[in-house]
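What follows is a single structure, written as structure tokens, with notes after it.
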Ligand code: NAD
């Protein structure tokens, strides 16, 4: 089976789908690996490192796409590259499948078997392939560093002969993978951290990281079988906003990470809440790419709202591209390895398997995933 890894098409993407260590692992399985020339050059992975582990490199992207049995990449494919794929080729990447219906239709019509990395189930067995987690973890880390760098105060408490500096107050809204890492990072930097999530099970995790869980009574809230938050009613969101206004007003940094799987991100921090914060404070909206948790945040912009800086920077994991690529490469090679049939030397599309059922979104000319049909 021939696996091709093209360079990413979005000029904003700094990460890559496969690093040489991943290529080596796939090569050992018995796959033929072709990498677009220059794939890892900016990250310190020259073509020669891919070639050294047995991959070949090519400058003929079009030919490589049309001869590949499987394409591995990070960002969504552009229609032009889909049209080149062989019928029945397997394409693995992020697809944003709930919001990219047209793209799914194009993949289906091309006869492509598309795997959406976002749809890998959040199970223990699939953890090693879970790119949402590996990238959210780094995103949470970066969000705190961006805030710390822009805040006009230091994070840790300092007791010096010149006086005592109080620790910065950080409030994290949404404590999934990104939120947990944001708490851990802010704590390491010495901040006083508070956090809130609608899933009650999170309280214990927040406490175990040494942060304070903010309690707001929202009535019945829950989570899905996969551990995702269920959407709140408009009345619950209002209660949440009222409960949070005071905490936001006293925070130096607010970081929002709230997501509801398959939907637009909930709008949690209102313009009034931002207006209630002290000038010099920072708000980081980590959900800006999926609609935003914060009124007034704009993708890839830093908006000054009466002295409060609202950061809406996208692709936060892309700010640590070497580690983000290492993690993604590991996720994608684990996926291929897990389903590799060593006798036939092919990727085994076993639709009886929960992971395959969960992440394949188009197959045999149709959109095949129950949640997307
Ligand atoms: P996510 O990105 O979908 O959402 C981020 C957080 O926002 C979640 O904790 C969610 O509860 C929270 N949220 C939603 N609406 C909110 C609101 N109105 N206010 C405040 N917070 C709100 O979450 P994720 O990081 O992808 O994690 C989802 C779940 O999957 C978690 O339970 C996580 O522990 C679990 N998980 C399990 C595995 C595994 O077992 N393999 C791997 C990764 C994640």
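For the reader, a short list of remarks on this structure follows.
- Candidates 210, 226, filtered to the one that is in a loop (DSSP other than H, G, I, E, B) and at negative phi: 226
- Taking the stretch 256-265 as the range and being near the ligand (Cβ under 8 Å from one of its atoms) and more than 30 Å from residue 190 (Cβ to Cβ) as the test, the residues that pass are 260, 261.
- Failed item, numbered, when residue 107 is tested on (1) more than 15 Å from the ligand (Cβ to nearest atom); (2) in a loop (DSSP other than H, G, I, E, B): (2)
- Among the residues of the stretch 332-349, none qualifies, meaning not one is within 16 Å of the ligand (Cβ to nearest atom), buried (at least 24 other Cβ atoms within 10 Å of the Cβ) and closer than 27 Å to residue 183 by Cβ.
- Condition met for residue 190 (modelled with pLDDT of 95 or more, out of contact with any strand residue (DSSP E or B) (no Cβ under 7 Å at 6 or more places or on another chain) and either near the ligand (Cβ under 9 Å from one of its atoms) or assigned to a loop (DSSP other than H, G, I, E, B) (or both)): yes
- Residue satisfying all of: in the stretch 232-255; within 11 Å of the ligand (Cβ to nearest atom) and in contact with a helix residue (DSSP H, G or I) (Cβ under 9 Å, 6 or more places away or on another chain); farthest from residue 143 (Cα to Cα) among these: 232
- Going through (1) more than 20 Å from residue 269 (Cβ to Cβ); (2) modelled with pLDDT of 95 or more one by one, residue 200 falls short only on (2).
- Number of the condition not met by residue 222 [criteria: (1) crowded, with 16+ Cβ neighbours inside 10 Å; (2) within 26 Å of residue 137 (Cβ to Cβ)]: (1)
The values are calculated or read from the model by the stated rules, or taken from the named source; none is laboratory data. Since the structure is predicted, the reported quantities are computational estimates derived from the model, not experimental observations. Cβ: placed from backbone, ideal geometry, glycine included. Neighbour counts: every protein chain shown.
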